[in-house]
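Undergrad: Can you read through this structure? Questions will come right after.
Each value in this text was obtained by applying a stated rule to the coordinates, not by laboratory testing. It should be emphasised that the depicted structure is a prediction, and the values quoted were computed from it without experimental measurement. Using ideal geometry, Cβ is built from the backbone for each residue, glycine included, and neighbour counts are taken over all protein chains shown.
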Amino acid sequence: MIALARRAGKLALLLAMILCTPLLPGGSALAQTGTYNPETPADPATEARLKALSLELRCLVCQNQTIADSNADLAVDLRRIVRSQILEGKSDREIKEYLVARYGDFVLYKPPVQGNTTLLWFGPFALLLGGAGVWWLLSRKRSLAHAEAALSPDDEQKAKSLLDKD
Amino acid sequence: MIPELGQLALVLALVAALVLGVMPLVGAYRNDAALMRQAGPAAMAQFLLIAFAFGCLVASFVANDFSVVNVATNSNSKLPVQYRVAASWGSHEGSILLWTLVMAVWTVAVALKSRHLPRVLAARVLGVMGLVNVGLLLFVLFTSNPFVRLLPGAPEGRDLNPLLQDPGMVFHPPILYVGYVGFSVAFAFALAALMGGRLDAAWARWSRPWTTAAWCFLTCGIALGSFWAYYELGWGGWWFWDPVENASFMPWLTGTALIHSLAVTEKRGTFKSWTVLLAIMTFSLSLLGTFLVRSGVITSVHAFATDPARGVFILIFLALVIGISLTIFAARAPRVGLGASFSLVSRESMLLGNNILLVVAMAAVLLGTLYPLVLDVLDAGKISVGPPYFDAVFYPLLAPALFLMGVAPLARWQQAPIPELAQRLKWAFAIALIGSIVTPLVLGDWSLLKVSGFLFAFWIVAASATAIVMRLKAAPQRTLWAKLGSNSASYYGMHVAHIGIAAFVFGVTMVKSYDVEKDVRVGIGDSVVAGAYKFDFKSVGDVRGPNYSGMSGRFEVTRDGKPVAQMQPEKRFYSTTKQTMTEAAIDHGLSRDLYVSLGNEIDSKTWEVRVQVKPFINWIWIGCLIMALGGVFAIADRRYHLRRKTAAATAHAPGAATAT
């Protein structure tokens, strides 16, 4: 546990250092790739795709924010990169692959389904299945108890005697 | 001098908590009335001492005593006085002290209200609460002392994080904590009942108002936090699935399950073990939330502390609380018995289904919150789990729960024939279905997600209305007023809370589907059009506050040429912490919010600006308030207060003390 806390501490320190470092003005080198101006909003379709993608990408220097929800310089840069790649005709998948190659899986808020995320993605649904099983078992057990209670041996005897009378 | 007095009061409070945690429990075990009688005075002493200590901390903050480490690191002489008061819980140390204070307040409330309870039960409840507070006070004294001195004192403080310099900071943490800690009462009642070996309807009835009260506070606390994030973080988001938010959301989910489970236990005598488990789970999650936030394990906006000693302490404390309570549960649960039976389609089985969905939803949130951490520790990769994951997982879990919310109140206990249910609900379903298809058609832009969101919102309202109308029709009274009076307050409370959920779902669906967002560069004199609104960028001027300076833009908003609002978003620079903050301008409305935030300055005449129109977003928080209002109705139910009197009468009867 101590190791864990220490590791988290290091991460926090690293983040703090990144946050405190005066960021280079505007990251202009990144923005100037391409022949069009990726800083101004493009057509509505591109902007809609940008928005959708931005909601899935982490602003790496922020404390748990998407690049859609942040205006840190890095988030602004990443939005520019994404916009310019959309305009270049890249698919969402290619854009994400590009960013993962650069920043690792950490950049994706929707982690890819892969070896180390199997439990993450299938866990809740396994739990739901388990929960459904528990529900069924409990409800059935109770309704069986109900059925038994409705026809206890005593009752059965009474019913029999009543029937026999007829 | 004042901090030392506070420190002394804390030590004495620990003694009081020990007395409270030991004597009544021993007394209950030996059936020694004299020992049990110590619970009330000990609870009161503990409360007064912690309140005094807390007062000392606040006084140090207000007086700018920078020779106290906590004050020097979290306050500043230029900080306005209300934020100096709020800064006393802005730090780790202060917020844990607030935890113990709130715990002491709940303990005193239980002590005062428990005079009519069987003495042994009351003694056990208060004893358990005392023991919990012993742990918390030890934590404060040994790892998080807020009164540690800095010698020589600092000439000036480092100031409070600018994000926290907001009225939200004054209200959000205390209300949230009152909710969090309030579940300790349900927990204590559950353990006390287990120790006594009797989990009956009376126990559930005593426990219910407390649990509901805690739930109301937690609901309001979370809503307030969400609203605060919405206007303060500056970019228009209202829920980020941040670990800290998740930490408060998990006990809410199980707390909601607990409220429903308690209802079944009281009315039908079933679900007893399940109710106890939920009570243990909910309070443990409150503690786990504190651990996640306070140990610094997960670094986010709220987690300032990064100290392994604290994390380890809370983890051990958590393990003890869970371990001991589960042990007692395991030892006593077999004696509890099953209670009344019910069939596969009945109100019980639906409530059980909803409970399971809520717990699975909680487990999914827990998994998503801890997963990146565990992977990191195991060196198995570094991933982020964020909103897209939670949305994908949460939605399918929530949908059936929302559906059941409409059905269960109309289903009979024990056995609810499906044809009868369908007959009762067919109009509600038709109305909801038509409404949910028509609404997106009218608003434009039709999609399955929107339809389903509206479907659930309308469904819950229509089904609740159906249930109420049916009840009123069936009531024997003649006048409408008398018919209305024939149902209990808690019955209406349930429907009010459910309608709150509907309002919430409606707001979420609206915002997710129809918000308009424009990120643009605007020169002074230009304008931005978003939806039906036109935002004219008029000017930019300087602003100066007590501890910051900055720029303020002026926007005039028109709709069809008619003026709607004047908006002044700001960009602030806090000189002590050297942080830049975005202060968005928001024009609130029932049907929409207008939201303008200033981004970066491009040149003296041009700014990056984000303009948003957020339809019905306030319904999200209004919905939460309605839910809490439903809780207030439920607590106000005459039943609890009437039966209290009869319970008091029996408690005074000879031999009643041994009855539990």
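Undergrad: If you find the alpha carbon centre of the stretch B:85-129 and of the stretch A:90-129, how far apart are they in angstrom?
TA: Measuring centre to centre over Cα atoms gives 43 Å.
Undergrad: May I pose another question? Listing B:542, B:166 from the residue with the fewest other Cβ atoms within 10 Å to the one with the most, what is the order?
TA: Ascending number of Cβ neighbours within 10 Å: B:542, B:166.
Undergrad: Something else now. Which one of B:586, B:481, B:21 has its Cα pushed farthest toward the positive end of the charge dipole of the protein assembly as shown, where Lys and Arg give +1 and Asp and Glu give -1 at the Cβ?
TA: Of the options given, the answer is B:481.
Undergrad: At a Förster distance of 25 Å, what's the computed FRET efficiency of residue B:326 paired with residue B:112, Cβ-Cβ distance as r, to 0.05?
TA: Values: r = 30 Å, r/R0 = 1.21.
Computed FRET efficiency for residue B:326 and residue B:112: 0.25.
Undergrad: Turning to a different aspect of this structure: Can you compute the FRET efficiency between residue B:382 and residue B:142 using 1/(1 + (r/R0)^6), with r the Cβ-Cβ distance and R0 = 22 Å? Round to the nearest 0.05.
TA: Given R0 = 22 Å and the Cβ-Cβ separation, E is 0.10.
Undergrad: Pulled fully out, how much extra length does the chain show between residue B:478 and residue B:2, if you take 0.36 nm times their separation in residues and subtract their Cα-Cα distance?
TA: Contour length minus Cα-Cα distance gives 164.8 nm.
Undergrad: A follow-up question, please. Whole-Hz ³J(HN,Hα) for each residue in the stretch B:451-461, computed from phi via Karplus 6.51 cos²θ - 1.76 cosθ + 1.60 with θ = phi - 60°, x for glycine and proline: what do you get?
TA: Taking θ as phi minus 60°, the curve returns 4, 5, x, 5, 4, 5, 4, 5, 4, 5, 5 Hz for the stretch B:451-461.
Undergrad: Applying 1/(1 + (r/R0)^6) with R0 = 22 Å to the Cβ-Cβ distance of residue B:149 and residue B:578, what FRET efficiency is obtained, to the nearest 0.05?
TA: Between residue B:149 and residue B:578 the formula returns 0.25.
Undergrad: I would also like to ask the following. Work out from phi, with θ = phi - 60° and the Karplus expression 6.51 cos²θ - 1.76 cosθ + 1.60, the ³J(HN,Hα) of each residue of the stretch B:421-438, listed in order in whole Hz, and give x for Gly and Pro.
TA: Ordered by residue, 3J(HN,Hα) equals 4, 4, 4, 5, 9, 5, 5, 4, 5, 4, 4, 4, 5, 4, x, 6, 7, 6 Hz.
Undergrad: Now, a different point. Counting other beta carbons within 10 Å of each residue's own, what order do A:73, A:105 fall into, fewest first?
TA: On the way: A:73 16, A:105 19.
Neighbour counts put them in this order, fewest first: A:73, A:105.
Undergrad: Please list B:440-447, B:186-193 highest first by mean number of surrounding beta-carbon atoms within 10 Å per residue.
TA: Ranking, from highest mean packing down: B:186-193, B:440-447.
Undergrad: Around residue B:260, with a cut-off of 13 angstrom between Cβ atoms, what is the net charge of the other residues, counting Lys and Arg +1 and Asp and Glu -1?
TA: +2
Undergrad: First select every other residue whose beta carbon is under 12 angstrom from the beta carbon of residue B:317; then total the charges, Lys and Arg +1, Asp and Glu -1.
TA: Every neighbour counted, the sum reads +2.
Undergrad: Is the protein assembly as shown rounded, prolate or oblate when judged by the Cα gyration tensor, a ≥ b ≥ c being the square roots of its eigenvalues, rounded requiring a/c under 1.5 and prolate requiring a/b larger than b/c?
TA: Values: a/c = 1.89, a/b = 1.29, b/c = 1.46.
Because a/c hits 1.5 or more and a/b fails to exceed b/c, the protein assembly as shown counts as oblate.
Undergrad: Short version: ³J(HN,Hα) in whole Hz for each residue of the stretch B:115-127, in order, from phi by Karplus 6.51 cos²θ - 1.76 cosθ + 1.60 (θ = phi - 60°), x for Gly and Pro, what are they?
TA: Once θ is set to phi - 60°, the couplings for the stretch B:115-127 become 4, 8, 6, x, 4, 5, 4, 4, 4, 5, 4, 5, x Hz.
Undergrad: Of all alpha-carbon pairs in the stretch B:516-616, indicate the percentage at a distance above 24 angstrom.
TA: Here the long-distance tail beyond 24 Å is 22 percent of all Cα pairs in the stretch B:516-616.
Undergrad: Another question, if that's okay. Could you please report the charge total around residue B:601, scoring K, R as +1 and D, E as -1 over all other residues with beta-carbon less than 11 angstrom from its beta-carbon?
TA: Summing Lys and Arg as +1 and Asp and Glu as -1 gives +1.
Undergrad: Taking 7 Å along the Cα-to-C-beta vector as the label spot, tell me the residue B:526-residue A:52 distance in nanometres, rounded to one decimal.
TA: Here the answer is 2.8 nm between the modelled labels.
Undergrad: With just the Cα atoms defining each centre, how far is the stretch B:54-77 from the stretch B:221-248? Give it in Å.
TA: 27 Å
Undergrad: Hey, rough spin-label estimate for residue B:447 and residue B:559, points 7 angstrom out along Cα→Cβ, what's it come to in nanometres?
TA: 2.4 nm
Undergrad: At what distance in angstrom do the alpha carbon centres of the stretch B:462-490 and the stretch B:326-361 lie from each other?
TA: So the two Cα centres are separated by 30 Å.
Undergrad: Using a cut-off of 27 Å between alpha-carbon atoms, which lysines can reach residue B:382, once sequence neighbours fewer than 8 places away in the same chain are excluded?
TA: A:10, A:51, A:90, A:96, A:110
Undergrad: May I ask you to sort B:567, B:551, B:470, B:627 by Cβ crowding, counting other Cβ atoms within 10 Å and putting the fewest first?
TA: Values: B:567 21, B:551 16, B:470 13, B:627 24.
Ordered by Cβ neighbours within 10 Å, fewest first: B:470, B:551, B:567, B:627.
Undergrad: Using a ≥ b ≥ c from the Cα gyration tensor of the stretch B:85-148 (square roots of the eigenvalues), is it rounded, prolate or oblate, where a/c under 1.5 gives rounded and otherwise the larger of a/b and b/c decides, a/b for prolate? Please report the intermediate quantities before stating the final value.
TA: Working: a/c = 5.05, a/b = 2.17, b/c = 2.33.
Since a/c reaches 1.5 but b/c is at least a/b, the shape of the stretch B:85-148 is classed as oblate.
Undergrad: Between rounded, prolate and oblate, where does the stretch B:296-445 land on the alpha carbon gyration tensor, with a ≥ b ≥ c its root eigenvalues, rounded for a/c under 1.5, else prolate if a/b exceeds b/c? Write down the numbers at each step before the final one.
TA: Numbers: a/c = 3.59, a/b = 1.39, b/c = 2.59.
It is oblate, given that a/c is not under 1.5 and a/b is not larger than b/c.
Undergrad: Using 7 Å Cα-to-Cβ label points, what is the residue B:437/residue B:78 separation (nm, one decimal)?
TA: Placing both labels 7 Å along Cα→Cβ, they lie 6.3 nm apart.
Undergrad: Using 0.36 nm per residue, how much length does the chain from residue B:395 to residue B:319 gain when fully extended, once their Cα-Cα distance is taken away?
TA: Taking residue B:395 through residue B:319 to full extension adds about 24.2 nm, to one decimal.
Undergrad: If you build the convex hull over the alpha carbons only and average its shadow over all orientations, what do you get for chain B? Give it in nm² to one decimal.
TA: Directional mean of the projected Cα hull area for chain B stands at 32.9 nm².
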